[in-house]
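Structure first, commentary second.
The values are calculated or read from the model by the stated rules, or taken from the named source; none is laboratory data. No experiment lies behind these values; they were computed from the predicted model shown. Neighbour counts are summed over all protein chains in view; Cβ atoms, including those assigned to glycine, are modelled from backbone coordinates with ideal geometry. Ligands, DNA and RNA are stripped out before the accessible areas are found, and what is left, the full protein with its side chains, is counted by its heavy atoms. Shrake-Rupley method; radii C 1.70, N 1.55, O 1.52, S 1.80 Å.
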Amino acid sequence: MEHKRLQLLEEEDKQRKKITRMGFNASSLLQKNKLGFLNATSYCRLAHELRVSCMQRKKVQIHSSDPSALASDRFNLILADTNSDRLFTVNDVKVGGSKYGIISLHGLKTPTFRVHMHENLYFTNRKVNSVCWASLNHLDSHILLCLMGIAETPGCATLLPASLFVNSHPAGDRPGMLCSFRIPGAWSCAWSMNIQANNCFSTGLSRWVLVTNVVTGHRLSFGTSSDVLAQQFALMTPLLFNGCRSGEIFAIDIRCRNQGKNWKATRLFHDSAVTSVQILQEEQCLMASDMAGTIKLWDLRTTKCLRQYEGHVNEYALLPLHVHEEEGIVVAVGQDCYTRIWSLHDTHLLRTIPSPHPTSRTNIPSVAFSSRLGGFRGAPGLLMAVQQDLYYFPYS
């Protein structure tokens, strides 16, 4: 495996871009499309293949007021906010526990590729099980963290204002509310942007789903038959989708108040533990991945599998799935440390990117893809965090 990885890296580092066939370039592709030699499906797939094959790895310089802040702590997770101008990071600390902070992506431009780590970093001696951005005061004003319990300290879900990580605040901008809820053993979490569950977040526990209102403290609980490892709220319909260790995916109607029987709105089934669920924009389809390495696109109206994406590798890890409808691609990092990119529409595997560091079960890269990395005027690309390094792959 290590020999294969080094061989792929050597091919990628060659000056010539890796093109799959002779004469495969943007101008010839456009000309063939105009002359009618390509149908819409073939053109889209070839365009994706061309763009993805030309993605080249660039090392990103992380600047901080304390240069030693990230010198020895490896990245465990990165998560971009809605506008892709900030990156929430979780780093494993050598002495145990985790350290988390926020990186500003505004400097992610050619030719320097520099980003800035904000001054304030926070430490915890507990494992971070799950994390998501939360819009309490305004869009992505907070970060929701699920922390595992340790010794006599119970697990909890904590809302941290993003402003706490920055020393300087604009005039009139006050740090937001910091609050914590005693929720033991949460495997997953999700923030609701649905008006029918305003100011609410969910947590997936062992055999329970809890929906908590941050402002009132009111809580709804739903009993399940398995651990809930992945969650996402729908935006237009009042549904919360959950993926379980048993392989079941089910939706909860968040208008349901009795918490009795028949509250499961939709049910789908995988053959292994579901690690990620992603609702597509029209909310008629859902994509899910599991611990057998299976990635499926489901039709929520007929509850049938529409497509399956081959090549993902997983045995037991909670690995996220990234779906980007604007660019028409699916991105996932496998337990073998390879980042794979598929065409969303025809399931074609477009690219397999090896890790820049030796393969290890403890050094699985964490990635973030966006059409506008660095904010509104940003460029499309892929960010990869592995060990202490951050890399950028331009997608243009």
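For the reader, a short list of remarks on this structure follows.
- Within the range 344-367, residues that are of a type in the set (D, E, K, R) have Cβ atoms under 6 Å from residues that are assigned to a strand (DSSP E or B) in these pairs: ARG351/ILE341, counting only partners at least 6 apart in sequence or on another chain.
- All positions within the range 379-396 that are open to solvent by less than 20 Å² (accessible area, probe 1.4 Å) and over 16 Å from CYS54 (Cβ atoms): LEU383, MET384, ALA385, VAL386, LEU390
- Output for the range 205-221, where each listed residue is without any contact (Cβ under 8 Å) to a residue 40 or more places away in the chain and either part of a strand (DSSP E or B) or under 22 Å from ILE279 (Cα atoms) (or both): LEU205, SER206, ARG207, TRP208, LEU210, ASN213, ARG219, LEU220, SER221
- With respect to the conditions (1) over 15 Å from TYR309 (Cβ atoms); (2) open to solvent by 10 Å² or more (accessible area, probe 1.4 Å); (3) part of a strand (DSSP E or B); (4) touching a Phe, Trp or Tyr at 6+ places or on another chain (Cβ under 9 Å), THR352 falls short on a single one, namely (1).
- Top-ranked residue of the range 99-109 - restricted to ones that are out of contact with any helix residue (DSSP H, G or I) (no Cβ under 9 Å at 6 or more places or on another chain) and in contact (Cβ under 8 Å) with a residue 24 or more places away in the chain, ranked as most open to solvent (accessible area, probe 1.4 Å): LYS109
- ASP81 falls short on exactly one of the conditions (1) touching a residue at least 40 places away in the same chain (Cβ under 8 Å); (2) under 21 Å from the mean Cα position of the chain (by Cα); (3) farther than 20 Å from GLY378 by Cβ, and that condition is (3).
- Scope the range 110-123; condition buried (at least 16 other Cβ atoms within 10 Å of the Cβ) and part of a strand (DSSP E or B); matching residues: VAL115, HIS116, MET117
- Only one of PHE165, PHE201, PHE233 that is within 24 Å of ASP140 (Cβ to Cβ), modelled with pLDDT under 90 and among the aromatic types (Phe, Trp, Tyr): PHE165
- Screening the range 124-163 for residues that are assigned to a loop (DSSP other than H, G, I, E, B) and touching a Gly at 6+ places or on another chain (Cβ under 6 Å) and picking the one that is farthest from ASN83 (Cα to Cα) gives GLY149.
- Test: residue in the range 301-315 that is closer than 25 Å to SER202 by Cα and open to solvent by less than 50 Å² (accessible area, probe 1.4 Å): no
- Strands (runs of 3 or more DSSP E) contained entirely in the range 234-324, each with at least 1 residues that are closer than 23 Å to SER130 by Cβ: 239-244, 248-253, 264-269, 274-279, 285-290, 295-299, 321-324
- Extreme residue, surrounded by the fewest Cβ atoms within 10 Å (Cβ to Cβ), among residues of the range 270-283 that are under 14 Å from THR303 (Cα atoms) and at pLDDT 95 or above: ILE279
- All positions within the range 124-165 that are surrounded by fewer than 16 Cβ atoms within 10 Å (Cβ to Cβ) and either in contact with an Asp or Glu (Cβ under 6 Å, 6 or more places away or on another chain) or of a type in the set (A, V, I, L, M) (or both): LEU139, ILE150, ALA151
- The single condition from (1) modelled with pLDDT under 95; (2) among the β-branched types (Val, Ile, Thr); (3) open to solvent by 10 Å² or more (accessible area, probe 1.4 Å) that ILE329 fails is (3).
- Residue count for the range 88-104 under the criterion of being in contact with an Asp or Glu (Cβ under 8 Å, 6 or more places away or on another chain) and not small (Gly, Ala, Ser): the result is 6.
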